[in-house]
């Protein structure tokens, strides 16, 4: 989340995502607030951020956190640049209001998607349906029908059956025209409790459309909800392995910084390219994109686009990983080989391994880092440049 280099959310998009992650998560138990606890191999908060970051609308992303949670949030979102952190308030409505005001201070936006970090399984299909509904409405929310019988009761007995025909279970994200929902929040009385933003919108006479939700958008609330993280993996017959291969080359030049595997290495020359020219991260990025048939790095980050000049390649890799996960893929391992005569890679291998693992939210033992030379043959042997090749294995549910 550095401001030093261009980021995935630094474009002129007029869409924003506001992710609320300011709670203490006491009902979920554990030693850390639930938004930072591990869920299916990575922090709960990271799931939602990656879902928005990999969406075609490429929204700016603001995450609202609690007082004193900055270090935890940065650790949970390591490798994802361009995320703005805002400190929230005592109640959810306070946190959303502060997030909206932060967006307004940045110049505002046209559309904002307000989402709870406790709902990690966010699909692009839900986002697309909400976005379409905003074309004709100032607000839209995803809902699911109530399928169980409903009744009012008191003193342990049923008093009255309730017609469920017009009852809905409301989920997040909830999408709004930015100026409209900001005005609604500013008009909302601070002494009133609000369970969600559609309630505040309706109190301000905003029409809120209903769109189809997703059963997967379950809210993680209690400690047992995290049990899925520890369930056995699906049987091998229910999984398929997809493999991608990446290769990249950049020339060595005086006056350039040398970045390899996300680590800055002191050397008399650096790699020249439109971004930071990190051949290792570029090769892994292409391997991941290739594993899921998502094109190549040049299609996602064209070298002709000036916003990527000098860009940190860590964000390219994080973007590729989020696209893989958005398509249901789980990264199993990375195998990287760096090819050069100098500098010597050995002293930096552990740092490179850890940095790549952090960007991809993997364990270090899932990242192999090797180095070799070409015995003084070819352009790498003559010290004219550095090459890297990588293989990525991705597990995907289904049969080959």
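The values are calculated or read from the model by the stated rules, or taken from the named source; none is laboratory data. This structure is a prediction, so every number in the text was calculated from the model and none was measured. We place every Cβ from the backbone using ideal geometry, glycine too, and count neighbours over all the protein chains shown.
Quick notes
- Test: residue 42 is assigned by TED's automatic domain parsing to the domain that holds residue 128 and under 25 Å from residue 125 (Cα atoms): yes
- Failed condition for residue 313, given (1) in contact (Cβ under 8 Å) with a residue 60 or more places away in the chain; (2) touching a strand residue (DSSP E or B) at 6+ places or on another chain (Cβ under 8 Å); (3) at negative phi: (1)
- Residue count for region 302-318, restricted to those that are in contact with a helix residue (DSSP H, G or I) (Cβ under 9 Å, 6 or more places away or on another chain), part of a helix (DSSP H, G or I) and surrounded by fewer than 24 Cβ atoms within 10 Å (Cβ to Cβ): 1
- Test: residue in region 139-148 that is more than 27 Å from residue 21 (Cβ to Cβ) and touching a strand residue (DSSP E or B) at 6+ places or on another chain (Cβ under 8 Å): yes
- Just so you know, in region 331-352 the residues that are in a helix (DSSP H, G or I) and in contact (Cβ under 8 Å) with a residue 40 or more places away in the chain include one that is nearest to the chain's Cα centre (by Cα), and it is 352.
- Taking the numbered list (1) touching a strand residue (DSSP E or B) at 6+ places or on another chain (Cβ under 7 Å); (2) modelled with pLDDT under 95; (3) not in a loop (DSSP other than H, G, I, E, B) in turn, residue 220 passes all entries but (3).
- Any chance residue 138 is modelled with pLDDT of 95 or more and surrounded by 14 or more Cβ atoms within 10 Å (Cβ to Cβ): yes
- Of all residues in region 161-172, one or more are surrounded by 18 or more Cβ atoms within 10 Å (Cβ to Cβ) and either in the same structural domain as residue 220 (by TED's automatic domain parsing) or at pLDDT below 95 (or both).
- Residue among 99, 82, 88 that is on the phi > 0 side of the Ramachandran plot and not assigned by TED's automatic domain parsing to the domain that holds residue 361: 82
- Single match in 78, 136, 102 (criterion: touching a residue at least 24 places away in the same chain (Cβ under 8 Å) and in contact with a strand residue (DSSP E or B) (Cβ under 6 Å, 6 or more places away or on another chain)): 102
- Spans of strands (runs of 3 or more DSSP E) in region 80-171 with at least 1 residues within 17 Å of residue 210 (Cβ to Cβ): 111-116, 139-145, 168-170
- Among the residues making up region 185-198, a single one is in contact with a helix residue (DSSP H, G or I) (Cβ under 7 Å, 6 or more places away or on another chain), within 25 Å of residue 217 (Cα to Cα) and assigned to a loop (DSSP other than H, G, I, E, B): 194.
- From 214, 197, 205, residue being modelled with pLDDT of 95 or more, surrounded by fewer than 19 Cβ atoms within 10 Å (Cβ to Cβ) and assigned by TED's automatic domain parsing to the domain that holds residue 41: 205
- Single residue of 277, 287, 283 found to be assigned to a loop (DSSP other than H, G, I, E, B) and modelled with pLDDT of 90 or more: 277
- From the list 286, 296, the lone residue that is crowded, with 21+ Cβ neighbours inside 10 Å, in contact with a helix residue (DSSP H, G or I) (Cβ under 9 Å, 6 or more places away or on another chain) and over 19 Å from residue 347 (Cα atoms) is 286.
- The residues of region 172-184 include none that are over 15 Å from residue 207 (Cα atoms) and assigned to a strand (DSSP E or B).
- Among the candidates 54, 93, 48, residue that is buried (at least 19 other Cβ atoms within 10 Å of the Cβ), touching a helix residue (DSSP H, G or I) at 6+ places or on another chain (Cβ under 8 Å), modelled with pLDDT of 90 or more and in the same structural domain as residue 196 (by TED's automatic domain parsing): 93
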